[in-house]
Amino acid sequence: MTVSPHLVLSMDTGVDDALALAYLIASGAHIIGVSATYGNVLQQQAARNTRTVLDLLGRADVPVADGARHPSWAPLFVADAGCARFHGRNGLADLRIGVSATPKERPGRVIASDAAGIVTLSAADVGALIRQGHAISVGGYPVGDPHAELPTIPEFFTRAGLATPQKLGFPDEDCSTMTDGARLIVDAARRYGDALTIVATGPLTDVDVALRADPAAVRRARIVFMGGALTQEGNCYDLVCETNVLQDPEAADRVLRAHADTTMIGLDVTHRCLLGPADVARWLAVADDDGSAGKPSRRHVAFLLASLANFSIRANRASDPIFAGGMPLHDPLAAAVALDPLLVTTFDLPMIVETRTGDGVGVRGRTIGDPRGAIDDATAAHVALGVDSAGFVRRFTDAIAGLLASLG
């Protein structure tokens, strides 16, 4: 497989997106630009986080475009409380590093994002929107689903019958819009063709929009996305679905059916690549090396990256004993595979995403083989199932240590 030398990124920049960005910079990747999208945080926060990380790593020259602010199935998005536990409320472990946060939620009010910007909704506002048939995504779940965590408006978290997914969560109309982030992807595909790799570490909304806007151009690019699970449990409440795909199953399904060269880096491999405290300690050791005396920027960046990783290590350890050894390197592995496909072994299989839940239709957000693929001669996705986990963690740790050593 030929590695494309040019990358365009789509990120909902939280902790592991930031670490993936650091890895790409450490590896000397040619990053054309970043589409900052919703997911771990609101889109506006993801854009600020991305610019902050790029600036700290000396790459303020990389353009950051505003991507999708909500999924294709809902015109409003709320970052759920679960993401805050793993990424911090500002997406960067709640560190104060020049990142201005979105307005703070207050009891009885929730902060949401729509195509126009950030809105503050009261409980009455949310109720009115639901009665009018509008869908509000809370980390992939519609308000009223018992898994839609709106802790600042407890009644919507506890009353599952308020609005069932079957009634309002997934409207027939497509709420997608052509964002600057999607346009960045299209423009890059038109310019670089098969020399481009699209790396998505958040929901696939913008990649989907780009594919539909200019399928001939965007299909020529290689797509590597972090998301899905084929042979492992999911990381959502149903233990079937993976978070990035659940945010916008319709978009993910269209991307997998788009006849593009697509590689899925799912939980099958990322859950095996655990970054532990000893690995992170290496970065701080580089900053404390004698050669770094008088170079505060190296210390500052090392402290930032170590703090992000340690926050995630603690959060994952608290969530599940299986992660006692460290944080899964979800997004960094996808970024690394974009540069070196041989890091993983793949099984080629036509894939779909289930978009409904119920008897005879599956579980919404599940990534699964397409039973019609053999009949329809569907394009197979490269599904990562094998990885040299120890080798990758070592490569990742070494790359970040090398980046830190190069800083003045």
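Rule-based calculations on the coordinates, nothing more; no lab input. Quantities reported herein were computed from a predicted structural model and do not represent experimental measurements. We place every Cβ from the backbone using ideal geometry, glycine too, and count neighbours over all the protein chains shown.
What to note about this one:
- Long-range amide H partners of His6 with built H, under 5 Å: Thr197
- Normalised size of the stretch 197-292, defined as Cα radius of gyration per 2.2 N^0.38 Å with N residues, equals 1.40.
- Sequentially through the stretch 124-139, phi angles give Karplus couplings (6.51, -1.76, 1.60; θ = phi - 60°) of 5, 4, 4, x, 5, 4, 5, 4, 7, x, 7, 9, 10, 8, 10, x Hz, Gly and Pro residues having no value and appearing as x.
- For the chain, taking a cut-off of 4.7 Å between Cβ atoms, the unpaired cysteines are Cys83, Cys175, Cys273.
- Neighbour cut-off at most 16 other Cβ (10 Å), DSSP loop, GluC sites (Glu not before Pro), the stretch 232-333: Glu233
- Label-to-label distance, Ala390 versus Arg282, with points set 7 angstrom from Cα along the beta-carbon direction: 1.3 nm.
- Cα pair distances exceeding 19 angstrom across the stretch 74-135, given as percent: 37 percent
- In units of the compact-protein estimate 2.2 N^0.38 Å, the stretch 336-408 shows a Cα radius of gyration of 1.64.
- Distance from the alpha carbon centroid of the stretch 343-381 to that of the stretch 180-244 works out to 16 angstrom.
- Whole-Å distance, taken between Cα centres, linking the stretch 7-49 and the stretch 313-337: 18 Å
- Structure remark: mean-square fluctuation, Gaussian network model of the chain, C-alpha springs under 10 Å; the largest value among Leu56, Leu21, Leu275 belongs to Leu56.
- The equivalent ellipsoid of the chain has semi-axes of 31, 26, 20 Å, largest first, where each one is the square root of 5 times an eigenvalue of the Cα gyration tensor.
- Under Karplus coefficients 6.51, -1.76 and 1.60, residue-wise ³J(HN,Hα) of the stretch 33-43 in Hz, glycine/proline x: x, 10, 8, 8, 10, 6, x, 4, 9, 5, 4
- For the stretch 195-342, DSSP calls about 20 percent of its internal beta bridges antiparallel.
- Normalised contact order of the stretch 55-127, rounded percent, pairs of Cα under 8 Å and 6 or more residues apart: 28 percent
- Equivalent-ellipsoid semi-axes for the stretch 270-399 (Cα gyration tensor, √(5λ), whole Å, largest first): 38, 18, 12.
- Within the chain, percent of DSSP bridges classed antiparallel, to nearest 5: 40 percent
- Distant-in-sequence amide H partners of Gly386 (H built 1.01 Å from N, under 5 Å): Thr345
- Relative contact order (%) - criterion: Cα under 8 Å, at least six apart; region: the stretch 220-294: 36 percent
- 3J(HN,Hα) from dihedral phi, the stretch 378-393, Karplus parametrisation 6.51/-1.76/1.60, rounded to Hz, x for glycine, proline: 5, 6, 7, 8, 8, 9, 6, 10, x, 7, 7, 5, 5, x, 5, 4
- The chain: most fluctuating residue of Asp174, Asp17, Asp208 per GNM, C-alpha cutoff 10 Å: Asp174
- Beta bridges per DSSP, both residues in the stretch 1-148: antiparallel share near 40 percent.
- Theoretical FRET efficiency, 1/(1+(r/R0)^6), r = Cβ-Cβ of Ala216 and Asp180, R0 25 Å, to 0.05: 0.75
- Computed from the Cβ-Cβ distance with R0 of 51 Å, the FRET efficiency linking Ser406 to Arg372 stands at 0.50.
- Sequence-distant residues sharing a close amide H with Ala200 (under 5 Å, placed H): Ser10, Val224, Phe225, Met226
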